[in-house]
Structure formats: C-alpha cells, structure tokens
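Below: the structure, in structure tokens.
No value in this document is a laboratory result; all are computed from the given coordinates. All values reported here derive from a predicted model rather than from experimental measurement.
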Amino acid sequence: MSSKAIIISEVESTINKKYSDWEIGITNEPGKRKAQLGNPLSWLQWQAASEDVALFILAYFLDSGLKLSGKKPEQGKHVFILLKSD
C-alpha cells in the first residue's frame, strides 16, 4: 500500500504536467479493468491505504485536469493511470 503523498508524487512525475494525455481511475480489480480498457501499454497502478484515500487522489487529479477513465468512477482502492494514445 502506498500513502496519499507517494501516489500523488509518482503520478505527477509520470504525467509530467501533460494532463490531457493521461486518464485516471480507481477500481477494486485492476487486472480486470486493464483488460476492459484494452491492456494499454502505458498503465501504472497503486494500491492506496483505503478507498477514501483513492477517492481523494482521484478528485485531486480530476481537479488538476486529468480525464476520468470511463464514464463514471468505480469503487476501489487501486488508483491507475493510463496514456490515452495506447
């Protein structure tokens, strides 16, 4: 499990302020969700300490300009990002 600060820092360093190129989401089943999204090559995931932490991180990055992966947020404590062009 990763802390809120670690996940935020790692996401920020990965996306390098290119918010329009990436999507973010949360899930309880990251392997299944990745397969549903076509097994993108540029996929990173973290397990947050709780679903509340995952929801905070999701809201933080949606407010920063990342797009939500999917039509509505799922539930879960796994935070993931993917490069939209994959």
Query raised in the report: Going by a ≥ b ≥ c, the root eigenvalues of the Cα gyration tensor, does region 4-83 fall in the rounded group (a/c under 1.5), the prolate group (a/b larger than b/c) or the oblate group?
Result: rounded
Query raised in the report: Reachable aspartates and glutamates from Lys4, Cα under 19 Å, same-chain residues fewer than 8 places away excluded?
Result: Glu12, Glu23, Glu51, Asp52, Asp63, Glu74
